[in-house]
1. Which aspartates and glutamates have a Cα less than 14 Å from the Cα of Lys88, not counting those fewer than 8 places away in the same chain?
2. What is the spin-label model distance, in nm, from Glu116 to Ala95 if the labels are put 7 Å beyond Cα along the C-beta direction?
3. Which residue fluctuates the most in the chain, going by a Gaussian network model with Cα springs under 10 Å, if the choices are Glu31, Glu116, Glu84?
4. In deg cm²/dmol and to the nearest 500, what is the mean residue ellipticity at 222 nm of the chain if only DSSP H runs of at least 4 residues count, each as -39500 (n - 2.57), divided by the residue total?
5. Over 22 Å, how big is the tail of the calculated P(r) for segment 55-132, in percent of all Cα pairs?
6. Can you work out the PRE-style zone for Thr22? Point 7 Å along Cα to Cβ, and I want the residues of segment 78-93 with backbone N under 17 Å.
7. If the cut-off is a Cα-Cα distance under 29 Å, which lysines reach Lys94, setting aside same-chain residues fewer than 8 apart in sequence?
8. Can you tell me the dipole magnitude for the chain around its Cα centre, using point charges on the Cβ only (Lys, Arg +1; Asp, Glu -1), in Debye to the nearest 20?
Amino acid sequence: MSTMVFANYPVKDVQASTEFYTKLGFTKVEEMSNENSSSMRWDDNFWIMLLSHEFYGLFLKNKEIADVRSQSGALTAFSVESPEVVKKIADAAKANGGDYFAVDMGIPEDQMFSLEITDLDGNQFEPVWMEM
C-alpha cells in the first residue's frame, strides 16, 4: 500500500477555499467532506483537508491557530509531472485570489522547478517538478 499524505489547513471560509482549490485542479471528495471540512484530492496519494477554524482547533489542544499571513507553521510540497503544471497551478491561484512567488535555490530549472503558492488564508504550499 502506498503512503497517503493529508495536509490539514485551517480556513476561514470552507466554501470559498473549496472553490479556490477546485480551480487549481483539486477534486472535492464529498464522502469525506461536511460543513466543517472539505477533502480535496490531488491524486491517489496527496490530499489537502480544508478545515474550519473551529474544527481545526479540536486538534490543537492548548495551541492557537497561527496567522499564516505573517507566520509560517509548515510548507507542504508535492510533486507534479512537469514545470508547465507548476505554472498552471500558480496562475490559477493568482487568478482566483491567491498568489505565488519563486525562490532561487540555486538549482537549474531543467533539474527542478517549483513555485510557492499562497491560498486565500495565507496557507503556503509548493508544487514541484524534478527531473528524476
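1. Asp99, Glu116, Glu126
2. Taking the two extended label points, one gets 2.4 nm.
3. Comparing Glu31, Glu116, Glu84 in a Gaussian network model of the chain, the most mobile one is Glu31.
4. -6000 deg cm²/dmol
5. Percent of Cα pairs beyond 22 Å in segment 55-132: 32.
6. Residues 92-93 qualify, since their backbone N sits under 17 Å from the label point.
7. Once the sequence-local lysines are set aside, what remains near Lys94 is Lys12, Lys23, Lys28.
8. In total the dipole reaches around 320 debye.
Here, each number is a calculation from the coordinates, and none is a lab measurement. This structure is a prediction, so every number in the text was calculated from the model and none was measured. We place every Cβ from the backbone using ideal geometry, glycine too, and count neighbours over all the protein chains shown.
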